[in-house]
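Engineer: Pasting a structure here, questions to come.
The values are calculated or read from the model by the stated rules, or taken from the named source; none is laboratory data. This is a predicted model, so every value here is computed, not measured. Cβ coordinates were reconstructed from backbone atoms using ideal geometry, including for glycine residues, and neighbour counts include every protein chain displayed. All accessible areas refer to the heavy atoms of the entire protein, side chains included, with ligands and DNA or RNA removed. Shrake-Rupley method; radii C 1.70, N 1.55, O 1.52, S 1.80 Å.
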Amino acid sequence: MSTDKNATTDSTATTAATRIRRTPAWLSATIAILFGLFYAYSAWSGLGNLIGLNSAAQALDTTLSGFGWGLLLAGVLAPVLVFGIAFWLGRRREAGPQALLLLAGLCLVSALSLDIFVFGLGSLIV
């Protein structure tokens, strides 16, 4: 009789251990939307840099180099891609890890933007 009680306790413990707690859909959407606004701002500023630097180059009677176009387009597309990857990786996790993944992605986008626009400006114009 004691073996049946232990078997029942063990099966309950393994069921509880394998159960995955999921974030409610409304909370997951709220987290994604809040972080998505920061990613959208980063993409919008990248687009502003692309348009502004192209206009500045034309005012100087020159053009952006191919490398410059690539860097500036990466500044626009990187936030969109990183948000998509971070959202996909965090879609079935709890709220905390999901928010941390989106925050880590936002830090990556910010570091890439800083690298592109601070250290790469000299090589943008032909």
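Engineer: For region 25-82, which positions are without any contact (Cβ under 8 Å) to a residue 24 or more places away in the chain, among the hydrophobic types (A, V, I, L, M, F, W, C) and more than 16 Å from C107 (Cα to Cα)?
Structural biologist: A25, W26, A29, I33, W44, I51, A56, A59, W69, L73, listed by residue number.
Engineer: What number of residues in region 67-83 are small (G, A, S) and either closer than 18 Å to T30 by Cβ or open to solvent by 60 Å² or more (accessible area, probe 1.4 Å) (or both)?
Structural biologist: 0
Engineer: Separate question: How many of the residues making up region 95-104 are in contact (Cβ under 8 Å) with a residue 60 or more places away in the chain and surrounded by 15 or more Cβ atoms within 10 Å (Cβ to Cβ)?
Structural biologist: 4
Engineer: Scan region 47-56 and give yes if some residue there is open to solvent by 30 Å² or more (accessible area, probe 1.4 Å), touching a strand residue (DSSP E or B) at 6+ places or on another chain (Cβ under 8 Å) and β-branched (V, I, T), otherwise no.
Structural biologist: No: region 47-56 contains no residue that is open to solvent by 30 Å² or more (accessible area, probe 1.4 Å), touching a strand residue (DSSP E or B) at 6+ places or on another chain (Cβ under 8 Å) and β-branched (V, I, T).
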